[in-house]
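Q: Before anything else, here's the structure in question.
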Amino acid sequence: MRPLKKIACTSLLVAVVVGVLCELTGTKWRYRMAVDIHYQMESIPYGQHNYEFTKSLLNGSMFRWKESVVRQLTRKDCKCEKEESSLGGMLNWSTVTELETAFNAAERHEVKQRREKEYQHFQQRTKTSADTLLIARANSPLEYPIQGVEVRPLKSILIPGLSLQAKNWRRYEVNVTASLGTFDVAAEVDEVTVEGAGQMHLSLSSAQVDNLNRQLQFITYTNTIFNPNTADTVQLKTPGHRATFTIKIRHPVIPKLYNVKSQSGLVRWAEPGCLPSPNKVSTVGR
């Protein structure tokens, strides 16, 4: 019986020690050993959407928002929050710090300027001419983006630059097809027939080319197959003409903005995923 009691006591002691260690270091282990491919998202109430494309679409054809699609385009992708275990406060770990409290009032303005300058340097180091959005003007009736369209894995975007430059057709029709994602429309335009919403093949048709072009501005693409650092080839077709363009699927490069003027023995950089808005910083030892 004694050997069994010793084994039981030893096992219990090991379990307690492991539990305490997990509690103490749980925050670090979660970040280092797990990768959450789903972004933390927060819905924005109806009527508070900040549509970049609204001004150009207010005049002209009548349309109705598809709220389910719009919410996918206007959700926030990050939260700069501190997450720690109940005993984590005993250790001096890196955490999210408000920019307003990280520096005193006298140097805050200068720090923001240095941070913005460093971010511009980061953009110059990481961005290339291939990331610039270019729209192919219609040699054929089709206009479409040649390059510069990018989506995060499992996220949604509006596809820019789609248009049909045609006249005197009995009925105007455009089809788009993808292999790694699906299409939908952020709004429904009057007198336009939409078939295949939420699928890999979307068909649009209308007797009015202006209405069709308005609908093309609302087409969204949602990546449905998690495979970062790839690209989806999109086929754009109209009767007698075809075009192809790619949508890059990748995570954005995480900015690291170093406060090169710091003399405190610390290096500060912006919290990943929360740029370019200069509201948060993280502080760690060199």
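Q: If each residue of separation counts as 0.36 nm, what is the full-extension length gain between Thr246 and Arg108 once their alpha-carbon separation is subtracted?
A: Values: separation 138, 0.36 × 138 = 49.68 nm, distance 4.25 nm.
Additional length available on full extension: 45.4 nm.
Q: Report the net charge of residues surrounding His241, where surrounding means a beta-carbon distance below 12 angstrom and charges are Lys +1, Arg +1, Asp -1, Glu -1. Please report the intermediate quantities before stating the final value.
A: Working: positive: Lys237, Arg242; negative: Glu143, Glu173.
Its environment carries a net charge of 0.
Q: Still on this structure: Would you mind calculating the gained length between Glu116 and Arg170 on full extension (0.36 nm times residue separation, minus the Cα-Cα distance), in nm to one decimal?
A: Details: separation 54, 0.36 × 54 = 19.44 nm, distance 5.33 nm.
Working it through step by step, the gained length comes to 14.1 nm.
Q: Between Ser179 and Arg64, what is the FRET efficiency for a Förster distance of 25 Å, r being their Cβ-Cβ separation, to the nearest 0.05? List each step's numbers first, then the result.
A: Working: r = 30 Å, r/R0 = 1.18.
According to the calculation, E is roughly 0.25.
Q: Right, here's the next one. Hey, how many Å between the Cα centroid of region 101-151 and the Cα centroid of region 186-200?
A: Centre-to-centre (Cα) distance: 31 Å.
Q: If R₀ is 35 angstrom, what is the calculated FRET efficiency for the pair Lys237 and Thr132, using the beta carbon separation as r and rounding to 0.05? Each step should come with its number before you reach the end.
A: Working: r = 26 Å, r/R0 = 0.73.
It comes out at approximately 0.85.
Q: Something else about it: Order of 118-131, 188-201 by packing, highest average Cβ count within 10 Å first? Walk me through the numbers before you get to the answer.
A: Working: 118-131: 11.9, 188-201: 15.6.
The most tightly packed comes first, giving 188-201, 118-131.
Q: Length gain on complete extension for the stretch Ala15 to Asn229, per 0.36 nm per residue less the alpha carbon to alpha carbon distance? Let's see the in-between values first.
A: Numbers: separation 214, 0.36 × 214 = 77.04 nm, distance 4.10 nm.
Computed gain between Ala15 and Asn229 is 72.9 nm.
Q: What whole-number value in Å² describes the accessible area per residue of region 124-184 for a 1.4 Å probe? Kindly include the intermediate steps, with their values, before the conclusion.
A: Values: 3270 Å² over 61 residues.
Result: 54 Å² of accessible area for each residue.
Q: What is region 174-252 by shape, rounded, prolate or oblate, if you read a ≥ b ≥ c off the alpha carbon gyration tensor as root eigenvalues and call it rounded for a/c under 1.5, prolate for a/b larger than b/c, and oblate otherwise?
A: On the way: a/c = 2.41, a/b = 1.76, b/c = 1.37.
Prolate.
Q: Describe numerically, in nm with one decimal, the distance between label points set 7 Å from Cα along Cα→Cβ at Thr101 and at Arg75.
A: According to this spin-label approximation, the distance is 3.0 nm.
The values are calculated or read from the model by the stated rules, or taken from the named source; none is laboratory data. Just so it is clear, the structure is predicted and the values come from calculations on it, not from any experiment. Ideal geometry is used to build each Cβ from the backbone, glycine not excepted, and the neighbour counts take in all protein chains shown. Ligands, DNA and RNA are stripped out before the accessible areas are found, and what is left, the full protein with its side chains, is counted by its heavy atoms. Shrake-Rupley method; radii C 1.70, N 1.55, O 1.52, S 1.80 Å.
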